Amino acid sequence: MLKLEHLTKVYAALPSEYAGGIRDANIDLAPGTFFTLLGPSGCGKTTTLRCIAGLETPDTGRITVDGRPLFDSDRGISVPLHRRNIGMVFQSYAIWPHMSVFENVSFPMRVSKTQRYSTAEIAKAVDEALESVGLGGYAKRSATQLSGGQQQRVALARAIVHRPKLLLLDEPLSNLDAALREDMRTELKRLQRELGVTAVYVTHDQSEALAMSDTIAVIAKGRMMQVGSPRDIYFRPANEFVASFIGHTNILRGRIDGSAGTVALDGGGTLRCRTEGEVGPDVAISIRPEDIALAKKAAPANGDGMNVLPGVVTSASFLGNVVHYEIKAGSGSSTFRVEGEPAMPFDTGAEVVMSFRPEDTLAVPRS
Ligand SMILES: Nc1ncnc2c1ncn2[C@@H]1O[C@H](COP(=O)(O)OP(=O)(O)OP(=O)(O)O)[C@@H](O)[C@H]1O
Ligand SMILES: [Mg+2]
């Protein structure tokens, strides 16, 4: 449905450092996919979206939607934005305040250059779009009489009113309060499924990305670090950046030993680990806080083959269903984050042993 091949848009030609934009992006999405561009501020998410929309001209590469080339630098193809038939919702300018809800939502159909719509067709489509975002009966309202959440729904209705095959959403929920954002997440996802539309969603919020997406591209400094399902990028991160950006994790540095499956830590000590694919001798080790079990220091060793590290509790925060610990590991200076059972609390200053399975000790390329 959406294919990007070697898509590149660079703003300044500084070869040594990241000069903005996106470099060599490649994706190939099946119809109906909820696809998310995830990454820290300034990594190139909006640039990618603007290239797809036709608001920005890429330097090189190809963009194909539903088999139709919208941009191809080799063949000199660049379809103007009003002929791309794409729905868009942007964070910054949500809706036009001087127009009514009806005028806002009907806008893409009224100005369409690819198709002529009758008044009756427009009225019906606007009704349906407003109904689907939960704003049936709001058509005559002025845009200024709406709450922030309602305005965002109008923007969404406007983006889907002409039934685009591709919907682009740039942090559409970021200026809503936390509770409303959670509701809108669920609703947006339901709407996308019902319409069967392919969505490209931009966020820097990793929990939003995990909750909503079929496929996620994790971007850093203009490069797609990994493209995969939420489970893939959480359990099989391609490198240190992805491991530490998605969820919480503990990162250690070390060197893979000649003998497979063990790593010598830079701070001293050895761990057994899991690897995915090729990793060089110098690696980062990722261990999730929920995969570490705590025991009293004096307690007997906890089963065979477990990795064990002694430490001291430096902070313990009771959060009801879980206790968040900070543990200073024995000799090294690294601080671990551990999620513990509320039924088995440890106090600050307690000497403990952390144990975790080799399967949960993932060695990845450093980044
Ligand atoms: N028109 C432009 N001219 C020059 N540099 C630009 C331009 N647009 C974006 N950039 C640079 O390109 C990089 C990526 O910008 P982009 O807007 O794509 O980031 P983003 O991932 O959407 O960030 P955010 O999460 O903050 O919205 C940034 O370093 C930005 O400064
Ligand atoms: Mg942006």
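The values are calculated or read from the model by the stated rules, or taken from the named source; none is laboratory data. If you're wondering where the values come from, they're calculated on a predicted model, not measured in any experiment. Please note: Cβ atoms are built from the backbone with ideal geometry, for glycine as well, and neighbour counts cover all protein chains shown. Surface areas here come from the heavy atoms of the whole protein model, side chains and all, with no ligands, DNA or RNA. Shrake-Rupley method; radii C 1.70, N 1.55, O 1.52, S 1.80 Å.
Remarks
- Computed from label points 7 Å out along Cα-Cβ, the spacing between Arg223 and Asp257 is 3.1 nm.
- Helix axis angle, 101-110 relative to the chain longest principal axis, alpha carbon, degrees: 80
- Length gained when the stretch Thr60-Glu351 is fully extended (0.36 nm per residue, less Cα-Cα span): 99.0 nm
- The accessible area of His6, taken with all protein chains in place and a 1.4 Å probe, comes to roughly 100 Å².
- Extension gain (nm, one decimal) between Trp96 and Glu341, 0.36 nm per residue minus Cα-Cα: 83.1 nm
- Glu182 accessible area, assembled protein chains, probe 1.4 Å, Å²: 100
- Across the accessible surface of the chain, with the other protein chains kept in place and a 1.4 Å probe, carbon and sulfur atoms take up 50 percent.
- Positive-end extreme of charge dipole, the chain - chosen from Val263, Val200, Leu156 (charges on Cβ): Leu156
- Solvent-accessible surface of segment 282-367, averaged per residue with a 1.4 angstrom probe and all protein chains in place: 51 square angstrom.
- Between segment 109-138 and segment 163-208, the Cα center-to-center distance that results, in Å: 20
- Rounded accessible area per residue of segment 2-240, 1.4 Å, Å²: 46
- Label-to-label distance for Asp232 and Lys296 is 4.7 nm, based on points extended 7 Å past Cα in the beta-carbon direction.
- Among Thr198, Thr314, Thr33: highest mean-square fluctuation, GNM of the chain, C-alpha pairs under 10 Å: Thr314
- Each Lys and Arg contributes +1 and each Asp and Glu -1, all at the Cβ; summed about the Cα centre of the chain, the dipole is approximately 1160 debye.
- Alpha-carbon centroid distance for the pair segment 30-80 / segment 303-342, whole angstrom: 44
- Reachable lysines from Lys3, criterion Cα separation under 19 angstrom, eight or more residues apart if same chain: Lys45, Lys165
- Less than 5 angstrom separates the built amide H of Asp59 from those of Thr8, Lys9, Val10, all sequence-distant by 5 or more or on a different chain.
- For segment 2-240, averaging the sequence separation of C-alpha pairs within contact (under 8 Å, six or more residues apart) and dividing by the residue count gives a relative contact order of 27 percent.
- Once the Cα atoms are used to define both axes, helix 178-195 deviates from the longest principal axis of the chain by about 60 degrees.
- Counting every alpha-carbon pair across segment 2-240, the share separated by more than 26 Å comes to 39%.
- For Lys297, a cut-off of 20 angstrom between C-alpha atoms picks up these aspartates and glutamates, skipping any fewer than 8 places away in its own chain: Glu326, Glu339, Glu341, Asp347, Glu351.
- Largest to smallest principal axis extent of the C-alpha atoms in segment 308-366, angstrom: 35, 25, 18
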